[in-house]
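These notes concern the structure reproduced below.
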Amino acid sequence: MELTRRDFIKLSGAGLGTAAIAKLGFTMPALAGTEPLRITKAKETNGVCSFCAVGCGTLVSNETGEHGQIVNVEGNPDCAINFGTLCSKGAAISQKTYIDGKPNKERLTKPLYRAPNSSSWKEISWDEAIDKIANRIKETRDANWIAEDDALDAAGNPTGGKVPALRTEAIGALGSAELSNEGSYLYQKFMRSLGVVYIEHHARL
Ligand code: SF4
């Protein structure tokens, strides 16, 4: 039916009761219902958001199966750090792997290497990448090893003696919020075993 503005105001003024609704042609019964939750059949796992050093607790729901896709991420209300909240980065963390149900094409899954003076990257194997990193660390450490320092007296003046130093100042270590407490502990222990003294975390940058 055609409804003029005047008709509409008249109907509204009289109160949009059942009779008026019927006059408008809305004769369908009201249905109450909800869509089934996407997490109904999902498996829920506790997690920690890896975007920053706050370390908010998450509840991650994913489809069952070997490579079950994540269908929901929300804050863990039992986590004393965030009490169920997540910032926009944490709430969108599943997009690291899937965007709109499809694997995120921007996600790197293999190491990339850019040779000196080259302007392009090439994929290399993990073995090759780890060998390169190990060789660079060894070369840099050997070339910049500080075996001893001048001994100083209480006033800070050299005594003419030497004390062991056993460090290198040519390598810096940058930790990551992607690491757990235990991973960070092992990482800094490993760096100290190499004599690295510049050990930092990216949350302080
Ligand atoms: S949810 Fe936000 S604040 Fe919490 S750890 Fe992730 S990025 Fe940091």
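The values are calculated or read from the model by the stated rules, or taken from the named source; none is laboratory data. Bear in mind that the values here come from a model prediction, so they are computed numbers and not experimental data. FYI the Cβ positions are ideal-geometry reconstructions off the backbone, even for glycines, and counts take in every protein chain you see.
A few comments on the model shown:
- Whichever residue in region 54-72 is at pLDDT 90 or above and farther than 25 Å from residue 175 by Cα and, among such residues, is nearest to the ligand (Cβ to nearest atom): 72
- Region 119-147, residues that are among the small types (Gly, Ala, Ser) and within 30 Å of the chain's Cα centre (by Cα): 119, 120, 125, 129, 134
- Residue check for residue 80: in the same structural domain as residue 197 (by TED's automatic domain parsing) and of a type in the set (A, V, I, L, M): no
Residues are listed down the side, and each one gets a yes or a no for (1) away from the ligand (no atom under 16 Å from the Cβ); (2) exposed (fewer than 10 other Cβ atoms within 10 Å of the Cβ); (3) of a type in the set (A, V, I, L, M):
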residue	(1), (2), (3)
75	no, no, no
88	no, yes, no
92	no, no, yes
108	yes, yes, yes
113	yes, no, no
117	yes, yes, no
136	yes, no, no
145	yes, no, no
150	yes, no, no
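- Any pair with Cβ under 6 angstrom, 6 or more apart, that starts in region 109-131 at a residue that is closer than 24 Å to residue 97 by Cα and ends at one that is modelled with pLDDT under 95: 123/110
- Unmet requirement for residue 101, which otherwise passes all of (1) on the phi > 0 side of the Ramachandran plot; (2) modelled with pLDDT of 90 or more: (2)
- Residue in region 153-168 that is hydrophobic (A, V, I, L, M, F, W, C) and either in contact (Cβ under 8 Å) with a residue 40 or more places away in the chain or within 16 Å of the ligand (Cβ to nearest atom) (or both) present: no
- Qualifying residues in region 37-53 (those that are modelled with pLDDT under 85 and of a type in the set (Lys, Arg)) - the one farthest from the ligand (Cβ to nearest atom): 41
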